[in-house]
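Before any comments, here is the structure.
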Amino acid sequence: LTFEEIWEIVRAGVSLGITHVRITGGEPLVRKGCADLIRGIRAIPGVETITMTTNGALLRTYAASLKEAGLDGLNVSLDTLDFEEFASLAGRQNLKEVLDGIQAAKEMGLPVKINSVNRKELNPISLVLYAQQQKISVSIKELPLKEAISQIAEKASMNVAYSKEFVDTSRKVSLEVK
């Protein structure tokens, strides 16, 4: 879709009462002029919030222009902090760029939330500790609730609130890190 077509769809959504817009992809930041897309959406009367889901690899480059364009927050897809596991899962070796992008977004005042899909072979505790250190939220999908919640709370020395959201058979845990 062209930007004009996207803006037209957003205007139609707003006329139906939709006030929150999330930009997803593929990877939205590879699209030329992504900040212009955000700026155009921000100019539409009735749009209250604009967020984006990204893999974070290009975030350091674009964080300032996204904030300036009117982006309200980011969800960064990140399943591990281990460089080898990350490369194996993502098919690329740019975990450092993702972490730098998260930091850049925070420096620009953009709220960041990590979205993670837990896998048996991965340990989500390092992500929770990272989120706690960075003062950001993390949402872990498919995390066995009974086994993990007390372990995460104990290791992270934090209060953990969780809720179940059923999408097919997956479970989602939202950990609000304060």
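The values are calculated or read from the model by the stated rules, or taken from the named source; none is laboratory data. All values reported here derive from a predicted model rather than from experimental measurement. As a convention, Cβ positions derive from the backbone with ideal geometry for all residues, glycine included, and neighbour counts pool all protein chains shown. Protein only, heavy atoms only, side chains kept; ligands, DNA and RNA dropped before computing areas. Shrake-Rupley method; radii C 1.70, N 1.55, O 1.52, S 1.80 Å.
See the values below:
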quantity: Greater than 28 Å apart at Cα, pairs in 32/106; 32/120; 32/113; 32/67; calculated: 32/120
quantity: Electrostatic dipole magnitude of segment 1-154 [Cβ: Lys, Arg +1; Asp, Glu -1; Cα centre; debye, to 20]; calculated: 220
quantity: Separation of the residue 82 and residue 36 label points, Cα + 7 Å toward Cβ, nm; calculated: 4.3
quantity: Accessible surface of segment 1-141 [probe 1.4 Å, protein heavy atoms]: carbon and sulfur percent; calculated: 54
quantity: Over segment 103-143, relative contact order from alpha-carbon pairs under 8 Å, at least 6 apart, %; calculated: 49
quantity: Point-to-point label distance, residue 22-residue 2, nm (Cα→Cβ direction, 7 Å offset); calculated: 2.9
quantity: Centre separation in Å (Cα based) which lies between segment 63-107 and segment 34-58; calculated: 17
